[in-house]
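J.: Below are the structure tokens for one structure; questions will follow.
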Amino acid sequence: MQVIVYPDADTLADAAARFIAEAVNTGQEGFSLGLAGGSTPIETYDRLSRLDVAWERVEAWMSDERWVPLDDPECNGNQAARELMDHVPARFHRPQFAAWLTAADSAAHYEAVLRSLHPSGRSDLILLGMGEDGHCASLFPGTAALDSPSGRWFVHNYVPQLDAERLTTTYEFLHAAHAVAFLVAGTAKAEALRAVLEPRPDESVLPSTRVMDGESEVTWLIDKAAAAELADTDLVEMG
Ligand code: 6PG
């Protein structure tokens with residue numbers, strides 16, 4: 001596990017874009033890239049769309065999705081398309097939404113798509129953000145998807161805190177990935193990041209912490225504001 005701290009959100013976005021480009025350009029045909037939702041990756045996607053990347057080898061997919069129409073501004077896939085995927089010649093696989101479809105059926109269908117894209121069972125690089133409650137993807141504290149049945153890679157997840165259905169990658173698929181990269185910026189994330197990276201004995205384990213329990217090489221790309229509560233300076237490299 002590696003933690004790299006950048007001076008601010010702009011330098012973080014630049015570095016994250018270069019990190020992703022490097023991973024793709026040194027990867028193989030059929031490079032699997034899981035894209036994160038939320039606001040943090042937007043600047044990274046914008047910069048990434050302008051770098052020299054071997055996009056023709058990339059199979060991009062969403063590490064989680066909100067249960068909203070595909071053209072809804074809140075839709076993560078819609079955001080990823082607008083900021084990146086509409087501008088690059090990669091293949092982009094998105095969960096389907098329809099009024100007659102349940103979130104569970106959509107997740108199962110998307111899981112079948114992921115299985116067809118990953119005969120090895122392993123994604124190459126999955127991008128994640130982290131919420132102020134320590135959630136990642138749509139793995140929220142206290143929700144059912146934290147304990148998905150063995151063999152599942154992508155499931156629906158009702159999130160009571162939001163009163164919303166979500167679709168999310170499971171720990172099983174996250175743990176199998178060659179690499180996972182968290183993008184975390186801003187003061188508001190500092191306490192949650194401390195609790196994830198430097199948990200106290202009496203604290204419950206947060207969803208983002210469990211991502212580090214697998215085989216994946218996990219890299220935290222964070223800015224100085226998000227790192228403000230981290231005490232173990234040996235933990236971090238200055239980017
Ligand atoms: C979503 C994301 C979610 C996000 C975090 C951080 O659907 O919102 O998948 O996991 O990455 O909530 O969001 P921000 O980057 O907006 O802080």
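Just so it is clear, none of the values below were taken in a lab; they were calculated from the coordinates. Just so it is clear, the model here is predicted, and its values are computed rather than measured. Every residue, glycine as well, gets a Cβ built from its backbone with ideal geometry; the counts of neighbours run over all protein chains shown.
J.: Looking only at residues that are small (Gly, Ala, Ser) and not in a helix (DSSP H, G or I) in the stretch 186-230, which one is nearest to Ser39 (Cα to Cα)?
T.: Gly186
J.: Would you say Ala98 is surrounded by 19 or more Cβ atoms within 10 Å (Cβ to Cβ) and either in a helix (DSSP H, G or I) or not basic (Lys, Arg) (or both)?
T.: no
J.: Go through Ala176, Ala190 for me and flag whichever is buried (at least 16 other Cβ atoms within 10 Å of the Cβ), closer than 25 Å to His109 by Cα, of a type in the set (Gly, Ala, Ser) and in contact with an Asp or Glu (Cβ under 9 Å, 6 or more places away or on another chain).
T.: Matching residue, one of Ala176, Ala190: Ala176.
J.: I need a count of the residues in the stretch 19-39 that are within 16 Å of the ligand (Cβ to nearest atom) and closer than 18 Å to Ala179 by Cβ.
T.: Total meeting the criteria: 5.
J.: Yes or no: the stretch 45-52 includes at least one residue that is away from the ligand (no atom under 16 Å from the Cβ), out of contact with any His (no Cβ under 7 Å at 6 or more places or on another chain) and not basic (Lys, Arg).
T.: Scanning the stretch 45-52, I find at least one residue that is away from the ligand (no atom under 16 Å from the Cβ), out of contact with any His (no Cβ under 7 Å at 6 or more places or on another chain) and not basic (Lys, Arg), so the answer is yes.
J.: Could you please let me know if Leu183 is assigned to a helix (DSSP H, G or I) and within 16 Å of the ligand (Cβ to nearest atom)?
T.: It is false that Leu183 is assigned to a helix (DSSP H, G or I) and within 16 Å of the ligand (Cβ to nearest atom).
J.: Right, another one. For residues that are away from the ligand (no atom under 16 Å from the Cβ) and out of contact with any His (no Cβ under 7 Å at 6 or more places or on another chain), tally how many sit in the stretch 90-113.
T.: 14
J.: Hey, another quick one. Glu237 fails exactly one of the following numbered conditions: (1) touching a Phe, Trp or Tyr at 6+ places or on another chain (Cβ under 9 Å); (2) surrounded by fewer than 22 Cβ atoms within 10 Å (Cβ to Cβ); (3) part of a strand (DSSP E or B). What is the number of that condition?
T.: (1) is the only condition that Glu237 fails.
J.: Somewhere in the stretch 108-127, is a residue of a type outside the set (Asp, Glu), assigned to a helix (DSSP H, G or I) and farther than 28 Å from Val218 by Cβ?
T.: So far as the stretch 108-127 goes, yes, one or more of its residues are of a type outside the set (Asp, Glu), assigned to a helix (DSSP H, G or I) and farther than 28 Å from Val218 by Cβ.
J.: Of the residues Val5, Val68, Val24, which is outside any helix (DSSP H, G or I), out of contact with any Pro (no Cβ under 8 Å at 6 or more places or on another chain) and crowded, with 18+ Cβ neighbours inside 10 Å?
T.: Answer to the check: Val5.
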